[in-house]
Amino acid sequence: MTGVQTCALPIFVFIETNPGNTGETESYYHIGNEGVTYHGSQPQQLFEQQLIPYPVVSFPLVEQHTFRQFDIKDRNFFQDIDGDGVHEHVDAFAEVTVGSLETVSVPAGTFQNVLRLNGNMEMAVTMSSNGEVIITRDQLTSWFAPRVGLIKYIETIAVPVVGGVTMRTTVLTEELEEFRIAGPTTGP
């Protein structure tokens, strides 16, 4: 994971070389007086377009405060999970709780006053073929260092197997290996 901060605009671009073994991804964040807003990524998933932009955190940050990032109902999931040729529909919400400041070490170095955010997302996907609802849960703990941004995250995704009661759980851990803070540019 590599972070790049552009100073000419209040936009942060995070370039991850291979998140979740899916290839390079760029994520875009705006930082303003009200908080941090996520504006999507490249490549972008169709479902994500229904969510963005959404707040990552709102200012002022209050330790142990929880707020809702988004809450949607009956949206197109843009996937045909049950194989009937029709996209499923989804209800989804995400919330984040502001944690405490910590010292965190990753391959890129040791960072102090790192903000920990604990996020939870739940998606209830309704199968178009039979009305079965499967619930996916995603827990994400992220650490953000001052003037650098995201330096580490641990994500636990629990996805039920369609038509069964078995859950498939995946745990992803990523840590910042290197970063650079770009200076202001000149010219047009």
Legend entry - Candidates per trypsin sites (Lys or Arg not before Pro) in the range 114-159, loop by DSSP, up to 12 other Cβ within 10 Å: R147
Legend entry - Accessible area expressed per residue, the range 55-188, with surrounding protein chains retained (probe 1.4 Å, Å²): 58
Inset, instruction - Subtracting the Cα-Cα distance from 0.36 nm times the residue separation, let me have the gained length for T97 to R180 in nm, one decimal. - result: 27.1 nm
Inset, instruction - With +1 on each Lys and Arg Cβ and -1 on each Asp and Glu Cβ, and nothing else charged, work out how big the dipole of the range 58-109 is about its Cα centre, in Debye to the nearest 20. - result: 300
Inset, instruction - With a cut-off of 20 Å, note down the residues of the range 129-170 whose backbone N falls inside the zone around a label point 7 Å from the Cα of D84 toward its beta carbon. - result: 129-136, 160-165
Legend entry - Carbon and sulfur %, accessible surface of the range 18-146 computed with the full protein complex present, 1.4 Å: 48
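About its Cα centre, how strong a charge dipole does the range 20-83 have in debye, to the nearest 20, once Lys and Arg get +1 and Asp and Glu get -1 at the Cβ? Don't skip to the end; give the middle numbers.
Details: 3 positive and 9 negative charges, 37 e Å.
Once rounded to the nearest 20, the dipole reads 180 debye.
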Inset, instruction - Distance between Cα centroids, the range 129-172 to the range 46-77: provide it in whole Å. - result: 15
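The values are calculated or read from the model by the stated rules, or taken from the named source; none is laboratory data. Computed from a predicted structure; not experimentally measured. Because the Cβ atoms are built from the backbone with ideal geometry, glycine has one as well, and the counts that use them run over all protein chains shown. The area values use the complete protein model at the heavy-atom level, side chains included, leaving out ligands, DNA and RNA. Shrake-Rupley method; radii C 1.70, N 1.55, O 1.52, S 1.80 Å.
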